[in-house]
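S.K.: First the structure, then my questions, so here it is.
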């Protein structure tokens, strides 16, 4: 239809649709960008500069960790909208195409092949404690000792309540949340959902020039925020999305970069501003994350899911 479009990730749960959107973008000449906000986060922008500057020598390998946190996992990928991969999209795309994209972007090299392992190990009926019920509000005998209790998360601690259309009258909110837990998926037992998303997912990726990257998405953490390690022939970098330290092998000198940021490492507002500027000037080259660049992370994700299911290394065809 000829619109300029800012797409939430993933572009599509289908490889064919991703390629169709790319082809249509070329045909219409319109600006299509993807919300890969990590590209706009100061942490990753600065980390990319270090990698591209040559101070690390030849970059040999990268380790990248995405700790989802146990509650976030239960909220979004066990109870929440993305709990079923067949109805939505595999978690490697829904949650982690950000990370596949940022690895590709920081290294500046095409991905060649990928191998993935992981499955749903904990949030399933076989692990339901004795005395548990279909809902946390049904008199569950282990609710008080369960870290995934919906009553604990949403009702007593009032976390993650943005998913509910809370009444403006604060005196009515508690009763409203309780009613939601009795009627929606957010009140169901995490061991008794029809979820199928893996709760741990590890990929090994081969890039051009023999550079390797290992990426792990982990549900069972007490913390969020990416962790990154870059290993080069002349130095290395260790970072946690708020800061990183570069160590020079020759001198032993350590250089720290640190920042305080907002959502997604400061990327949200910067992405929105970048898209508005590109549309205002009708110039797609102003985008940091174009549809052309973003599609490779999705192809990596599709290949990873094929690898995980088939148990073999999959070549990536961009």
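Every read-out reported here was derived from the displayed coordinates using simple, explicitly stated rules and does not represent laboratory data. Bear in mind that the values here come from a model prediction, so they are computed numbers and not experimental data. Virtual Cβ from ideal backbone geometry, glycine too; neighbours counted across all protein chains shown.
S.K.: At 222 nm, what helix-only mean residue ellipticity would the chain give, in deg cm²/dmol to the nearest 500, using -39500 (n - 2.57) for each DSSP H run of four or more?
M.R.: Computed ellipticity for the chain at 222 nm equals -9000 deg cm²/dmol.
S.K.: Please report the relative contact order for the chain, taking Cα pairs under 8 Å with a sequence separation of at least 6, and give it as a percent rounded to a whole number.
M.R.: 31 percent
S.K.: Decide, for the stretch 3-123, between rounded, prolate and oblate: order the square roots of the alpha carbon gyration tensor eigenvalues as a ≥ b ≥ c, take rounded if a/c falls under 1.5, and otherwise choose prolate if a/b is larger than b/c, else oblate.
M.R.: Since a/c reaches 1.5 but b/c is at least a/b, the shape of the stretch 3-123 is classed as oblate.
S.K.: Working from Cα positions, state the angle (0 to 90°, nearest 10) between the long axis of helix 42-53 and the longest principal axis of the chain.
M.R.: Computed tilt is about 30 degrees.
S.K.: Sticking with this one: How would you rank 173-186, 101-114, 34-47, highest first, on the average number of other Cβ atoms within 10 Å across their residues?
M.R.: Sorting 173-186, 101-114, 34-47 by mean packing, highest first, produces 34-47, 101-114, 173-186.
S.K.: Continuing with this model, one more query. Report relative contact order for the stretch 125-187 in percent, whole number only (criteria: Cα-Cα under 8 Å, sequence separation at least 6).
M.R.: With pairs under 8 Å counted, the relative contact order is 30 percent.
S.K.: With a 10 Å Cβ neighbour count serving as the proxy for reagent exposure, in which order, fewest first, do 171, 248, 99 appear?
M.R.: Taking fewest neighbouring Cβ atoms as first place, the list is 171, 248, 99.
S.K.: Taking Cα atoms, how many degrees apart are the long axis of helix 173-183 and the longest axis of the chain, rounded to 10 and kept between 0 and 90?
M.R.: Between the helix axis and the principal axis of the chain, the angle is about 90 degrees.
S.K.: To the nearest 10 degrees, how steep is helix 263-280 against the longest Cα principal axis of the chain, on a 0 to 90 scale?
M.R.: Around 60 degrees separate the two axes.
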